[in-house]
Amino acid sequence: MTKNFYKSSRWKTKRINILKRDDYLCRECIRYGKTTGATTVHHIRPLETHQELRLDNTNLISLCSKCHDKMHDRTNNELTSIGESWIKRMNKKI
């Protein structure tokens, strides 16, 4: 189901809008004073468990590929502590 979502025109449009919103810069790198180009839009709360937030601007951030890889443990697809910290930040904004 998620593969079809990432191919949809709604996602493709949303992805471009989020990258533009974030000036095509990685939001994680910016926290550390670095300006790195963003190539990926990350679901803070994972798409697999939070379908209702799949297109919610507050659940999406622009990341470089290196930082995006730091958000997930690719062996078990769980969020890492860095990924979890973004959820905590998101909760403070709501």
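Structure values in brief
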| read-out | value |
| --- | --- |
| Verdict on Arg21 being touching a residue at least 40 places away in the same chain (Cβ under 8 Å), touching a Leu at 6+ places or on another chain (Cβ under 8 Å) and open to solvent by 40 Å² or more (accessible area, probe 1.4 Å) | no |
| Residues located in the range 47-61, provided they are in a loop (DSSP other than H, G, I, E, B) and open to solvent by 30 Å² or more (accessible area, probe 1.4 Å) | Glu48, Thr49, His50, Arg54, Leu55, Asp56 |
| Selected residue [in contact with a helix residue (DSSP H, G or I) (Cβ under 9 Å, 6 or more places away or on another chain), open to solvent by 80 Å² or more (accessible area, probe 1.4 Å) and assigned to a helix (DSSP H, G or I)] from Lys88, Lys92, Lys66 | Lys66 |
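The values are calculated or read from the model by the stated rules, or taken from the named source; none is laboratory data. Here the structure is a predicted model, which means the values were calculated and not measured. Here the Cβ is made from the backbone with ideal geometry for all residues, glycine too, and neighbour counts use every protein chain on show. For accessibility, only protein heavy atoms count, side chains too; no ligands or nucleic acids. Shrake-Rupley method; radii C 1.70, N 1.55, O 1.52, S 1.80 Å.
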